[in-house]
Amino acid sequence: MRRLAGAFGFALVSVATALVLLASIGGFDAVDVPGLPDPGAATRVGLPVLQALRDFAAALTVGLLVLTAFCVPPEDSTLGNELTGARRHLVDLAMLSSAVWSVLGLALLTFTYSDVSGARPDASGFVEQTIFFATSFELGRYLLAGSAAAALISVACVLARTATAAIVPLALSIAGLWTISLTGHAAGTLNHNDAVDLQFLHLVAISVWFGGLLAMVVTRTRLGGLLLPTVRRYSVLAGWCLVVVAFSGLLGALLRVPRLSDLGSAYGTLLGLKSLAIGLLAALGWWQRRRLIDQLAAGRGRIFGKVILVEVATLAIAAGVGVALSRTAPPPAPGAFERLTAAQSLLGRDLPPPLGAREWFTQWSGDTLWLVVALFMMTWYVVAARRLHRRGDRWSAPRTAAWLFGWILFVWATSGSPGVYGEVLFSMHMVQHMTIATAVPAFLVLGTPVTLALRSFRRRTDGSFGPREWVQRVVLSLPLQLLAAPVVAAGLFIVSLVAFYYSSPFRLSLESHTAHLLMVAHFLITGYLLANCLVGADPGLHRPSYPLRVLLLMVTFAFHALFSVSLMANDSVLAADWFAALGRPWGDSSIDDQKLGASIGWALGDYPLGIMAAALIFLWVQADGRERRRFDRREDRDGGSELASYNDYLRTLREGTARRGPEGHTRARSGLTRAEPSSEKSEQGK
């Protein structure tokens, strides 16, 4: 607890930075808005203070859990997955910091309501009004969800007993960062979705970077001899985080400060200060990786500790600048004071032009988060394949082509014309859905990424979990084994279609960016699980025999066709008020477009069916060939003993003295592939 309190001493640096910067640009001055009372100085000053402390607690929680899951080895490699020693200490600190995060989140919710409503915290009925705000308004729900996620993290840390279980609170902490990105200074721009995605990437990277560094400072003495391997692994993560922070920060700045003349504004000045801090941190990180780690390995850790403290302080200052940025309005974009159209209000962008043949290839609007995921997966695959090539191992070029084409197709479905028109036309939404759920997974599965990962990632020998160990854990985990069972995977694929379109999730995916991202992830994962059952070759997951795979393929796509037919027969428009509110002046009516979408959904199920059927036949032939070669090798090794035994069995049958038994039948069945049914021919061959 004392170490945690010492860590929050660095939070005062963030708080002081935010307060000084906001005071210098007049951020605490009362704003005279007609009809909106002033919430008071306590709210104007307390809101950035609480935000800085909340962000600090969130970053520390993420950093502690990342070190536990990926960086810190156990004191004894024989302990393996047990959560003991330094790793148990890290999780306990994460439990405390997440509890602080949850409490500060509730306090921030209270002050946020005071700020947006103009009500003072000591006003009569303020508590009831805050509860109504937290449950009935989007901003309040996001803040409440973030606080609830932090509370769940604390509970998950208490329940965690293994290093593998630490991944659960880590996943919850990433979800908590998503709620922060929805309420940050990027959430109110016209290009809302792109801004939120970039803000989320920025928050994750800065939390892993800042939080991990702070976690090492807090637990340095407890780590002891484990500090050196922890620092080596953390420095690799920090390097990648620097790239993501710079990339997301640059693109986010271009969204909010599109003109060079705006750099002289208060917002542009704060942006420049944050860029300078990031540049200084990049230099310190380079020095740490090139010089200081070697000094730490040589036993000269004092200079290392001093530089780490400077780096933490610089990151705290950068975090304080970020808080000041979130409380500062960006310069107005061109046309910012014009009244938004219905499409701009609902979509966050202009209504696209009429869909023609050319627009299928020329209309693009980058879905930032999925674009980054796709680029990362393609880059990793190529780098991993080249690593195998450099050490003399071969990797199939068709597999590489299938993997790359699958992600290119995914980028087109999310950022190309299906992504542009998917919220405007039901037919294009169906194109996007079927491409992501059927075509993309078929190509990705044929790339066998698990096999490549297991062959390319380095094995750790100190008991900690690296990428290779986590891939093995995930593939062999009970939840994935259950979800990847053939009947379950096919059932998820079929039920998802009906449940999604004939209930509220479809409408919600049109209205909410979060729901849209979850929709894409869900259909990609369920499609991958089904394709893996049918045509996968990666190890670890159970697959039925090839005849059963053919049956499963035909039944699943038959149900898919039945769903498309039922949708074609439906005379009521799904999400009718959404499509009507867009005010689309071109194209078919909503009901005609829906029937067209149902037809497209039926048709688009055919070519993935053909791809998987061809792959299934190819794999079946390959498996049969491997079985024949295995039998030939065994016969060569045993001198043809099995064939001789089978011929002896046939001879006894002819003489009428054979005794039929389980062993004889077994031998007969296995020998059918090598001997002729006639005993004379068999004896002649012998």
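The values are calculated or read from the model by the stated rules, or taken from the named source; none is laboratory data. Note that the structure is predicted; figures quoted are calculated from it, not measured. Positions of Cβ are backbone-derived with ideal geometry, glycine not excepted, and every protein chain shown enters the neighbour counts. SASA here: full protein model, heavy atoms, side chains in, ligands and nucleic acids out. Shrake-Rupley method; radii C 1.70, N 1.55, O 1.52, S 1.80 Å.
Worth a mention:
- Restricting the search to helices (runs of 4 or more DSSP H) fully inside region 434-483 and requiring at least 2 residues that are β-branched (Val, Ile, Thr), within 24 Å of SER396 (Cα to Cα) and out of contact with any Cys (no Cβ under 6 Å at 6 or more places or on another chain) gives 440-446, 449-456, 467-476.
- When LEU552, LEU609 are checked against the criterion of being touching a Phe, Trp or Tyr at 6+ places or on another chain (Cβ under 8 Å) and surrounded by 16 or more Cβ atoms within 10 Å (Cβ to Cβ), a single residue qualifies: LEU609.
- LEU404 over 24 Å from PHE506 (Cα atoms), at pLDDT 95 or above, within 19 Å of the chain's Cα centre (by Cα) and part of a helix (DSSP H, G or I): yes
- ALA18 open to solvent by less than 10 Å² (accessible area, probe 1.4 Å), part of a helix (DSSP H, G or I), at pLDDT below 75 and among the small types (Gly, Ala, Ser): no
- Yes/no for ARG630 being open to solvent by 100 Å² or more (accessible area, probe 1.4 Å) and either farther than 23 Å from PHE405 by Cα or modelled with pLDDT under 70 (or both): no
- Residue match in region 145-153 (condition: of a type in the set (S, T, N, Q) and buried (at least 17 other Cβ atoms within 10 Å of the Cβ)): yes
- If you go through region 536-559 and pick out every residue that is β-branched (Val, Ile, Thr) and over 21 Å from LEU497 (Cβ atoms), you end up with 1.
- One residue alone among VAL45, VAL91, VAL155, VAL100 is farther than 22 Å from PHE10 by Cα and either of a type in the set (Ser, Thr, Tyr) or out of contact with any strand residue (DSSP E or B) (no Cβ under 6 Å at 6 or more places or on another chain) (or both), and that residue is VAL155.
- Set GLY224, GLY212, GLY252, GLY239: member being open to solvent by 10 Å² or more (accessible area, probe 1.4 Å), within 30 Å of HIS192 (Cα to Cα), among the small types (Gly, Ala, Ser) and touching a residue at least 40 places away in the same chain (Cβ under 8 Å): GLY239
- Cβ-Cβ distances below 9 Å connect no pair with a first residue in region 407-422 that is open to solvent by 10 Å² or more (accessible area, probe 1.4 Å) and in a helix (DSSP H, G or I), a second residue that is at pLDDT below 95 and among the basic types (Lys, Arg), and a separation of six or more residues or different chains.
- For region 158-169, the count of residues that are part of a helix (DSSP H, G or I) and loosely packed, with under 15 Cβ neighbours inside 10 Å is nonzero.
- Qualifying residue in region 639-659 (condition: part of a loop (DSSP other than H, G, I, E, B), modelled with pLDDT under 75, open to solvent by 80 Å² or more (accessible area, probe 1.4 Å) and of a type outside the set (Phe, Trp, Tyr)): yes
- Residue in region 363-372 that is out of contact with any Leu (no Cβ under 7 Å at 6 or more places or on another chain), farther than 30 Å from VAL475 by Cα and open to solvent by 50 Å² or more (accessible area, probe 1.4 Å) present: yes
- Qualifying residue in region 227-243 (condition: in a loop (DSSP other than H, G, I, E, B) and more than 17 Å from ALA215 (Cα to Cα)): no
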